[in-house]
Amino acid sequence: MPLTDAQIPTRGNKAELETGTRLLPKFDEKGLIACVVTDADSGEVLMVGYMNEESLARTIETGEAWYWSRSRQEYWKKGATSGQIQTVVEMRTDCDQDAILIKVRVSGNGATCHVGYRSCFYRTVEMGTRSGDEVRLKMADADRVYDPDEVYPKGS
């Protein structure tokens, strides 16, 4: 269910946004807000997702991470298929409330990435190595935590 006007009132003035005590999220023109997800214990960045008003409300109400899938155009509870539920330990917003940070603990095998890695950030960009039009990526985490073909049904 969407957040009510009582829960998220009209965005206030600059001082209220930057130092006030009310959540006043700024959704973009598509109704989305970026959400950075980190491991609550290690601080490792696990993923970046997007929330709309409803998925933000579901996350606040349930304590488990919900997102809006831009590719599928639907809500998704992280881990609903894989068992890798993200339990929110802490939620923050940035200074002008146009981004969300959630610190989570991941159940199941502890992985977050749908291609089998612990974090979605498993490759590094090779800096200073541009050759022609190509910038190279290098594996930072060589081993997958799980085989996605065993977790996700075909066609998902």
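List of remarks:
- The one condition from (1) outside any helix (DSSP H, G or I); (2) more than 30 Å from D147 (Cβ to Cβ) that E16 does not meet is (1).
- Filtered residues of segment 20-43 (kept if within 15 Å of K103 (Cβ to Cβ) and either among the β-branched types (V, I, T) or modelled with pLDDT under 95 (or both)): V36, V37, T38
- Condition met for S156 (buried (at least 16 other Cβ atoms within 10 Å of the Cβ), at pLDDT below 95 and either among the polar types (S, T, N, Q) or assigned to a strand (DSSP E or B) (or both)): no
- Residues (free of Cβ contacts under 8 Å to residues at least 60 places away in the same chain and either within 17 Å of D98 (Cα to Cα) or in contact with a Leu (Cβ under 6 Å, 6 or more places away or on another chain) (or both)) located in segment 44-65: G49, Y50, M51, N52, E53, E54, S55, L56, A57, T59, I60
- Checking each residue in segment 93-116 for being surrounded by 14 or more Cβ atoms within 10 Å (Cβ to Cβ) and not in a loop (DSSP other than H, G, I, E, B) picks out T93, A99, I100, L101, I102, K103, V104, V106.
- Summed over segment 68-99, residues that are of a type outside the set (S, T, Y) and more than 30 Å from E18 (Cβ to Cβ) total 10.
- Flag: T59 does not match the condition of being in a loop (DSSP other than H, G, I, E, B) and either modelled with pLDDT of 95 or more or among the β-branched types (V, I, T) (or both).
- Residue match in segment 54-72 (condition: surrounded by fewer than 18 Cβ atoms within 10 Å (Cβ to Cβ), under 26 Å from A140 (Cβ atoms), hydrophobic (A, V, I, L, M, F, W, C) and more than 13 Å from the chain's Cα centre (by Cα)): no
- In segment 1-13, residue modelled with the highest pLDDT [restricted to those that are over 18 Å from R58 (Cβ atoms) and surrounded by 10 or more Cβ atoms within 10 Å (Cβ to Cβ)]: G12
- Taking the criterion of being within 22 Å of the chain's Cα centre (by Cα) and surrounded by 12 or more Cβ atoms within 10 Å (Cβ to Cβ), the residues of segment 19-34 that qualify are R22, L23, L24, P25, K26, F27, G31, L32, I33, A34.
- Sole residue being of a type outside the set (V, I, T) and over 30 Å from K154 (Cβ atoms), chosen from E74, E54, E64, E29: E29
- Residue in segment 80-92 that is free of Cβ contacts under 8 Å to residues at least 60 places away in the same chain, charged (D, E, K, R) and part of a loop (DSSP other than H, G, I, E, B) present: no
The values are calculated or read from the model by the stated rules, or taken from the named source; none is laboratory data. The model shown is predicted, which means the values in this text are computed figures rather than measured ones. Here the Cβ is made from the backbone with ideal geometry for all residues, glycine too, and neighbour counts use every protein chain on show.
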